[in-house]
Amino acid sequence: MNSLCTLIFIDMKITIPENAAKIIKVLEDAGHEAYVVGGCVRDSLLGRVPNDWDITTSAEPMKVKALFKRTFDTGIAHGTVSVLMGKEIYEVTTYRIDGEYEDSRHPKEVSFTGSLTEDLKRRDFTINAMAYNPEKGLVDEFGGIDDLENKVIRCVGNATERFSEDALRILRALRFSAQLDYTIEKETKEAIKDLAPTLKNISAERIREELEKLLISNNPDRLRDAYELGVTSVILPEFDRAMEAAQNNINHAYSVGEHTLRVIDGVSKNKVLRLAALFHDIEKPGTKTTDEEGVDHFKGHALLGAQTARNVLRRLKYDRDTEKLVVKLVEHHDWEIKAHSKDIRKWVHDIGEECFPAMFELNNADILAQSEYRRNEKLAHLARLEAAYHKMIEDGDCISLKQLKVTGNDLMNAGIPAGPRIGEILNGLLAEVLEDPAKNDRDYLLSRINIEEKE
Ligand code: ATP
Ligand code: MG
């Protein structure tokens, strides 16, 4: 390999999975080079558990396939063969050079190379462009170790060129900075700002994946950087409106966007909760009115926000289960109810049990991200609601049709014909039981059926 002399070998040991080591050995015994590469090297050096172990090799795909019993073609045109080892799958990719890019995302063609350096050069960031071989050690040709030490995200080569080739890298830079708590190096940052508009060429699925990784990271407030660099204006313009909406109201200390960032940070690193936090006040800008005293109000923002959340989640091609939960949480986040057990039962029935205890967590973070005005009162009320909710669960109170002591069959046995009337009656009975759980008694409910029918 002609670039050998430029490689920097550093005496750093990484423990790699037995099967990855086996694959490397088989490739080497057949006269090829092979390394683990990219994210797994970065994560190992950081003491993090890698998501997956990718292998890069000088062997061409057909040669890789010939050397292993169980393989399948993952992206053979791009040089990737998956090798099955027991229950594990490893992606083995031939050293490659990406040809010219089109549409800010896809190389027109790739060509294979015998040079590891060339393969590392096509990778996005210095910290992702290191390779490791158990015998030869670490290969770090672009200052990846320095950037890990200095906590910096920096493109390999010219940042403008790298983002022009593939705009997805813009989002990857932001999400790695959020996951690792790294700063984005100056030139890389400037190139992001210049090329943010090209994100319009990136598919909704890829945007969703990166945005979600950023949101569920330790530093979701890096969404602020995405705003400042002009990235959210392309992928999430709704958030820009929030960043630009002041809240002149005694309950608040921040703009809608700054408040939102604090709520996101205040809830657990869970997809549904972080998305609900992102969207909970998303329609405050759209519902804002200012009274004669100059105080801002946001009537109806939760309901309208739920619609906007649904639209954005669909635009990002989120699955319906996630959509349903997030939309419910947004719609109901601003509910003001008393901590009476009957109000709680109706509330849980209306919102759906699956939204709890996320609802309490969202409300708690929401309060903590507001001004200190009446904060203790707000938190005490929330604690009362939560206690009443837990008591309701412990008592086994009926809050849904499936817990009701009579069923549709009972109604039909009592002579009510199948049809919508059955549902109406059951819901009527449930409404009574929500008022008073003692009424969830079969005899009582059956007697009510007869009365209902006479009415
Ligand atoms: P994760 O922890 O999310 O898996 P990763 O760095 O491993 O992070 P992958 O998407 O699994 O990311 O990609 C593996 C490696 O492939 C990266 O480390 C990087 O070297 C390279 N890579 C991935 N996507 C790109 C891209 N869009 N442009 C250039 N190189 C990329
Ligand atoms: Mg990976």
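A short reminder: the numbers here are calculations on the coordinates, not readings from a lab. In this text the structure is predicted, and so the values were computed from the model without any measurement. Cβ sites come from the backbone with ideal geometry, for glycine too, and all protein chains shown count toward neighbours.
Side notes on the structure shown:
- Database remark: amide H of Val110 closer than 5 angstrom to the amide H of Gly99 (H placed geometrically; neighbours at sequence offset of 5 or more, or on other chains; Pro and chain starts carry no H).
- Ranked packing of 403-413, 261-271, most packed first, by mean Cβ within 10 Å: 261-271, 403-413
- Estimated translational diffusion coefficient (Stokes-Einstein, Kirkwood radius over Cα pairs, 37 °C, 0.692 mPa s) of segment 401-454: 300 µm² per second.
- Length gained on full extension, Glu228 to Glu432, computed as 0.36 nm times the residue gap minus the Cα-Cα distance: 68.1 nm.
- Under the combined filter of DSSP loop state and at most 13 neighbouring Cβ atoms within 10 Å, segment 248-335 retains these GluC sites (Glu not before Pro): Glu292, Glu293.
- Beta bridges by DSSP in the chain, antiparallel share as percent, to the nearest 5: 85 percent
- Using alpha carbons only: equivalent-ellipsoid semi-axes of the chain, gyration tensor based, whole Å: 53, 29, 19
- Shown here for segment 359-455: chymotrypsin sites (Phe, Trp or Tyr not before Pro) in loop regions (DSSP other than H, G, I, E, B) with at most 14 other Cβ atoms within 10 Å, namely Tyr373.
- Shape of segment 158-235, Cα gyration tensor, a/c cut at 1.5: oblate
- Working from label points 7 Å from Cα in the Cα-to-Cβ sense, the Ala418 to Asp221 distance is 5.9 nm.
- Loop GluC sites (Glu not before Pro), segment 84-170, which have at most 16 other Cβ atoms in a 10 Å radius of their Cβ (DSSP): Glu100, Glu109, Glu135
- Pairwise label distance in nanometres, Glu354 with Ser400, each label 7 Å out on the Cα-Cβ vector: 0.8 nm
- For segment 243-395: rounded, prolate or oblate by the Cα gyration tensor [a/c cutoff 1.5]: oblate
- Helix-derived mean residue ellipticity, 222 nm - over the chain, DSSP H n ≥ 4, -39500 (n - 2.57), to 500: -14500 deg cm²/dmol
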